[in-house]
Amino acid sequence: MTPLIEARGVTRTLPEGVTLVHDIDLSIQPGEFVAITGPSGSGKSSLLYLLGLLDRPSQGTVLLEGRDTAELDAAALASLRLSRLGFVFQFHFLLPEFSALDNVLIPMRRLGRLAPAAARAEAMRLLAELGLADAAQKLPEQLSGGMRQRVAIARALANDPALILADEPTGNLDTRNAALVFDIFGRLVREQKRTVLVVTHDAELAARAGRRVHLVDGAIVADDRQG
Amino acid sequence: MLQDRPRVVNQILIRLDDVTRAEALARQVEARFGDRAESWEEQNRNILTVFVIQNAIMYSVTGAILLVAAFGIYNIISTVVYEKTRDIAILKSLGFPEGDIQRLFLLQGLVVGVLGALIGCALGALMIEALAQIRFGIDTPAGQDRFILARDGRIYLLASLFAVTAAGLAALIPARRASRLDPVQVVRGAA
Ligand SMILES: Nc1ncnc2c1ncn2[C@@H]1O[C@H](COP(=O)(O)OP(=O)(O)OP(=O)(O)O)[C@@H](O)[C@H]1O
Ligand SMILES: [Mg+2]
């Protein structure tokens, strides 16, 4: 089966000479729940940015759904991010002036796949699915940290992405809310056959993923799958 | 100028329906009768030069004001771009293309420009009416005891056009900077 996303010999070196990750070979199949673990500074975020087409490799290439992204220009990469990828970061990164609902609608409106009424209904459905039906009209500042992060997840799901990339999505959450976020990811993978790639340095949470990729000093040192 | 002698006709003044033809007519008269003929433009050359200089000063001052205003708009949009750095990074990471971001801030600059032009035109019109109220209370050679004012709509149109263009150009620089912002740097920094 064609991997959903694949890194081939990916190295990222900054112009100043710092190497963020090197010689990364990683292939993720549709429906996988992958946790990327590793000590602080090991290159987890850097790898996520590369797989998320936010950054470009210095060497090697990233293939999304079998398609080499090295050839694509910035606009084409942006278009792929919009339609095929969903991001969740440690900080919720919601737009502060917009309600939860509008935040979810922003990528939908840009893509324009759904008519306005249908997009609204779909955004409400996503929010409700994440237990946020009553929060739709609220501004991010009126929500708790856990709720904000769930709005961010709803926004990541807005355009029905092939891959969800999350960088320490539970970094700012208490254990209960952190567990809830991982429950949601687990459900997305099990029930909706989605593919989730999540960076975390919480070993307990990482254990819930079906596959754990361990990074040290910018290189993959372990890649283990289990049940 | 005929003979410049006492007790004879020395000067003939010709009144024209069309003032702009005076110069051509004067040349014609000189060619035909050999007497010196002066158009009103020639006679008043000194005063007319003053008008030319006055116009030059006016346009320079207006240009300078426009330049200052453009810097103001450049500053406003730059500040907004700076304040919205995080939001720009969010939109870019979500997949909004650079063109969208650039248009967003360019549009904001143009809105500022159009609002400024509208307010400026209204203020200008008001000030013209205020000036129109002023009487000098003395007899001037031109028989005018008030300002000669231009109420030509084209002046407003031209000034507005310049102002909006200046606003657009001023906003373009920060708008481009915003569109080229690297979301990775922002996302990394905020984590
Ligand atoms: N712009 C930069 N300039 C210099 N060094 C950088 C830059 N960005 C990242 N680094 C370095 O690259 C390495 C990898 O960073 P990265 O953020 O990918 O690690 P990480 O595993 O996500 O760490 P953390 O767990 O702290 O989030 C780190 O040592 C970091 O200091
Ligand atoms: Mg990180």
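Please give the per residue accessible area of region B:1-43, computed with a probe of 1.4 Å over protein heavy atoms only, in Å².
Values: 4020 Å² over 43 residues.
Result: 93 Å² per residue.
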With point charges of +1 on the Cβ of Lys and Arg and -1 on the Cβ of Asp and Glu, referenced to the Cα centre of the protein assembly as shown, which listed residue (A:ALA178, B:LEU161, A:VAL18) lies farthest in the positive direction of the dipole? B:LEU161
Protein heavy-atom accessible area occluded, A/B pair - total, 1.4 Å probe, Å²: 1900 Å²
Compute the helix-to-body angle for A:100-111: its Cα long axis versus the longest principal axis of chain A, expressed 0 to 90° and rounded to tens. 60 degrees
Can you list the residues of region B:97-134 whose accessible area drops by at least 10 Å² going from the chain on its own to the full set of protein chains, with a 1.4 Å probe? B:PRO97, B:GLU98, B:ASP100
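Over region A:103-227, what is the relative contact order in percent, taking alpha-carbon pairs closer than 8 angstrom and at least six residues apart?
On the way: 123 pairs, mean separation 24.0, N = 125.
Reported relative contact order: 19 percent.
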Relative to chain B, whose Cα atoms define the longest principal axis, helix B:45-83 and its Cα axis are tilted in degrees, nearest 10, by 10 degrees
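Taking the solvent-accessible surface of protein heavy atoms with a 1.4 Å probe, what is the per residue accessible area of region A:97-195 in Å²? Show your work: numbers first, answer last.
On the way: 4310 Å² over 99 residues.
So region A:97-195 comes to 44 Å² accessible per residue, rounded to a whole number.
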Lysines near A:LYS138 by alpha-carbon distance under 25 Å, same-chain residues fewer than 8 away left out - which ones? B:LYS84, B:LYS92
Magnitude of the Cβ-charge dipole (Lys and Arg +1, Asp and Glu -1) of region B:1-43 about the Cα centre, nearest 20 debye, reported as 280 debye
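State in Å² the accessible area per residue of region B:54-188; use a 1.4 Å probe, count heavy atoms of protein chains only, and round to the nearest integer.
Working: 8470 Å² over 135 residues.
Result: 63 Å² per residue.
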Determine how large the accessible area of B:GLU41 is when every protein chain is in place; take a 1.4 Å probe and give Å² rounded to the nearest 10. 50 Å²
About its Cα centre, the protein assembly as shown carries a charge dipole, from +1 on Lys and Arg Cβ atoms and -1 on Asp and Glu Cβ atoms, whose size in debye to the nearest 20 is 520 debye
Could you work out how far helix A:175-192 tilts from the main Cα principal axis of chain A, as a 0 to 90 degree angle to the nearest 10? 80 degrees
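So how do A:MET124, B:MET58, A:MET108 rank on accessible area, 1.4 Å probe, biggest first, that is with the largest at the start? Display every interim value, and only then the final one.
On the way: A:MET124 65, B:MET58 90, A:MET108 10 Å².
Heavy-atom accessible area, descending, gives B:MET58, A:MET124, A:MET108.
Plugging the Kirkwood radius over Cα pairs into Stokes-Einstein for region B:54-188, at a temperature of 25 °C and a viscosity of 0.890 mPa s, what D comes out in µm²/s? Can you show the working numbers first?
Working: Rh = 17.5 Å.
It diffuses with D of about 140 µm²/s by this estimate.
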Using unit Cβ charges (K, R positive; D, E negative) and no other charged atoms, how large, in debye to the nearest 20, is the dipole of region A:109-227 about its Cα centre? 580 debye
Name the residue from B:ALA117, B:GLY72, B:GLN144 whose Cα lies farthest towards the positive end of the charge dipole of region B:54-188, charges +1 on Cβ of Lys and Arg and -1 on Cβ of Asp and Glu. B:GLY72
Furthest towards positive pole of dipole, B:ASN44, B:LEU106, B:GLY63, structure part region B:19-106, Cβ charges: B:LEU106
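Of the accessible area of the protein assembly as shown, with the probe set at 1.4 angstrom, what percent is carbon plus sulfur?
Details: 13600 of 23190 Å².
C and S atoms contribute 59 percent here.
The values are calculated or read from the model by the stated rules, or taken from the named source; none is laboratory data. As the structure is a computational prediction, the values presented were derived from the model and not from experiment. When we count neighbours, we look across all protein chains shown, and the Cβ atoms used for this are built from the backbone with ideal geometry, even at glycine. Heavy atoms of the whole protein, side chains included, go into the accessibility calculation; ligands, DNA and RNA do not. Shrake-Rupley method; radii C 1.70, N 1.55, O 1.52, S 1.80 Å.
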